[in-house]
Amino acid sequence: MNPSDFDERRELQAACHCKAVRFRLVLTNGLRSARRCNCSYCSMRGAVAVSANLEDLHVLQGADKLTLYQFNTGQAKHYFCSVCGIYTFHSRRSVPTQYGVNVSCIEGLSPFDFGEVPVSEGRDHPMDRNGASLTAGWLSYRANTES
Ligand SMILES: [Zn+2]
């Protein structure tokens, strides 16, 4: 899937790995919002996230399977499936009106569709430096075209 062929304005279907949790969403700023973050939690989680406004994401199935993880200030709410362990989405501390959503959960998308993904500076949180968001760097993926 080439991101430029992906209709990012339509309603998207999403699910965790075991499909216990299903949700639908509309992206806020399309695939342009794709990013990673280098905070202590996101570094371990390793997911590429895109943005959706809170009111544009609806859990269709398995809300009772979602487990909530909070740390530090506890403002961000990180949800993952209690069956398969896959991160689905999280409400943000930096933009409380939005969810970050695991692109891997979205039907037709994978992290390997992105040649380059910006990494947000999350080691000191934007809210701890007057809300300014910084880019720490970029992660790139290059498909092996010789195999
Ligand atoms: Zn699951």
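The values are calculated or read from the model by the stated rules, or taken from the named source; none is laboratory data. These numbers come from a predicted model, not from an experiment. Every residue, glycine as well, gets a Cβ built from its backbone with ideal geometry; the counts of neighbours run over all protein chains shown.
Output the residue which, of all residues in region 1-18 that are part of a loop (DSSP other than H, G, I, E, B) and within 16 Å of the ligand (Cβ to nearest atom), is farthest from the chain's Cα centre (by Cα). Of everything passing the filter in region 1-18, Cys18 is farthest from the chain's Cα centre (by Cα). Within region 17-31, residues that are within 16 Å of His90 (Cα to Cα) reach partners that are more than 12 Å from the ligand (Cβ to nearest atom) and part of a loop (DSSP other than H, G, I, E, B) with beta carbons closer than 7 Å, at six or more positions or on different chains, in the pairs Arg24/Glu11; Val26/Glu11; Leu27/Glu8. In region 19-55, what count of residues is obtained for those that are part of a loop (DSSP other than H, G, I, E, B), surrounded by 14 or more Cβ atoms within 10 Å (Cβ to Cβ) and modelled with pLDDT of 95 or more? Going through region 19-55 one residue at a time, the tally reaches 7. Given the conditions (1) within 27 Å of Trp138 (Cα to Cα); (2) surrounded by 14 or more Cβ atoms within 10 Å (Cβ to Cβ); (3) not aromatic (Phe, Trp, Tyr), which single one is not true for Asp5? So the condition that Asp5 fails would be (2).
Collect the residues in region 56-94 that are in contact with a Lys or Arg (Cβ under 7 Å, 6 or more places away or on another chain), more than 14 Å from Ala14 (Cβ to Cβ) and not in a loop (DSSP other than H, G, I, E, B), keeping them in residue-number order. Working first, answer last.
Of all residues in region 56-94, those in contact with a Lys or Arg (Cβ under 7 Å, 6 or more places away or on another chain) come to 58, 60-62, 68, 70, 73, 75-76, 81-83, 87, 90-91.
Remaining after also requiring more than 14 Å from Ala14 (Cβ to Cβ): 68, 70, 73, 75-76, 82-83, 91.
Correct list: Leu68, Ser91.
Quick check, is Arg36 basic (Lys, Arg) and either more than 16 Å from the ligand (Cβ to nearest atom) or in contact with a Ser or Thr (Cβ under 6 Å, 6 or more places away or on another chain) (or both)? Spell out how you get there, then give the answer.
Details: basic (Lys, Arg): yes; either more than 16 Å from the ligand (Cβ to nearest atom) or in contact with a Ser or Thr (Cβ under 6 Å, 6 or more places away or on another chain) (or both): yes.
In short, yes.
In the condition set (1) touching a Phe, Trp or Tyr at 6+ places or on another chain (Cβ under 7 Å); (2) surrounded by fewer than 18 Cβ atoms within 10 Å (Cβ to Cβ), Pro96 is compliant with all but (1). Considering only residues in region 70-103 that are at pLDDT below 95 and farther than 21 Å from Thr28 by Cβ, the one that is farthest from the ligand (Cβ to nearest atom) turns out to be Thr73. Tell me, yes or no, whether region 114-125 has at least one residue that is modelled with pLDDT under 95, surrounded by fewer than 20 Cβ atoms within 10 Å (Cβ to Cβ) and among the acidic types (Asp, Glu). Yes: region 114-125 contains one or more residues that are modelled with pLDDT under 95, surrounded by fewer than 20 Cβ atoms within 10 Å (Cβ to Cβ) and among the acidic types (Asp, Glu).
Within region 39-69, which residues are within 16 Å of the ligand (Cβ to nearest atom) and β-branched (Val, Ile, Thr)? Quick ask: steps written out before the conclusion?
Here is the first cut: in region 39-69, the residues within 16 Å of the ligand (Cβ to nearest atom) are 45, 47, 59-69.
Matches in region 39-69: Val59, Thr67.
Among residues that are assigned to a loop (DSSP other than H, G, I, E, B), touching a strand residue (DSSP E or B) at 6+ places or on another chain (Cβ under 7 Å) and away from the ligand (no atom under 16 Å from the Cβ), Ser133 is included.
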